[in-house]
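Take a look at the structure set out below.
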Amino acid sequence: MQATIRLTAQVQPGGKIEIVDAQLPVGIAVEVIVVLPYAPARPSRSLIAVLADAPGHLAFQTAEDVDSYLHGERDAWER
């Protein structure tokens with residue numbers, strides 16, 4: 001039979017977590033799952049930066065650049 005003990009703990013410096021519970025039998029192997037209460041924030045990037053990294057670097061500066069690109073693509077399809 002599988003037993004579950006749910007505890008909360010504070011993360012100590014260096015990412016250390018200590019679990020202490022009298023219900024834990026000495027010497028047995030246990031599985032520990034760590035669940036963060038939130039997703040760590042990722043640095044945000046501008047849309048222009050994301051597009052600049054996209055294949056083909058489709059970051060257009062003006063509407064005219066977009067039109068020019070689309071016309072070139074359409075011309076390539078017709079060949």
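The values are calculated or read from the model by the stated rules, or taken from the named source; none is laboratory data. What you see is a predicted model, and the numbers here were worked out from it, not measured in a lab. Here Cβ is always computed from backbone atoms with ideal geometry, including for glycine, and neighbour counts include all displayed protein chains. Just so you know, the surface numbers come from the protein's heavy atoms only, side chains and all, with ligands and any DNA or RNA stripped out. Shrake-Rupley method; radii C 1.70, N 1.55, O 1.52, S 1.80 Å.
Please identify the pairs in which a residue from region 28-48 that is within 23 Å of ILE17 (Cα to Cα) has its Cβ atom under 9 Å from the Cβ atom of a residue that is at pLDDT 85 or above and surrounded by 10 or more Cβ atoms within 10 Å (Cβ to Cβ), counting only partners at least 6 apart or on another chain.
VAL30/ILE19; VAL30/LEU24; VAL32/ILE17; VAL32/ILE19; VAL34/ALA9; VAL34/VAL11; VAL34/ILE17
Could you give me the residue pairs with C-beta distances under 6 Å whose first residue belongs to region 3-20 and is under 12 Å from GLU31 (Cα atoms), whose second residue is surrounded by 10 or more Cβ atoms within 10 Å (Cβ to Cβ) and not acidic (Asp, Glu) wherever it lies, and which are 6+ apart or on separate chains?
none
Limited to region 55-77, what total is found for residues that are within 31 Å of the chain's Cα centre (by Cα) and either modelled with pLDDT under 75 or surrounded by 10 or more Cβ atoms within 10 Å (Cβ to Cβ) (or both)?
Matching residues across region 55-77 total 7.
Looking at region 13-37, which of its residues are more than 26 Å from ALA3 (Cα to Cα) and either open to solvent by 100 Å² or more (accessible area, probe 1.4 Å) or β-branched (Val, Ile, Thr) (or both)?
PRO13
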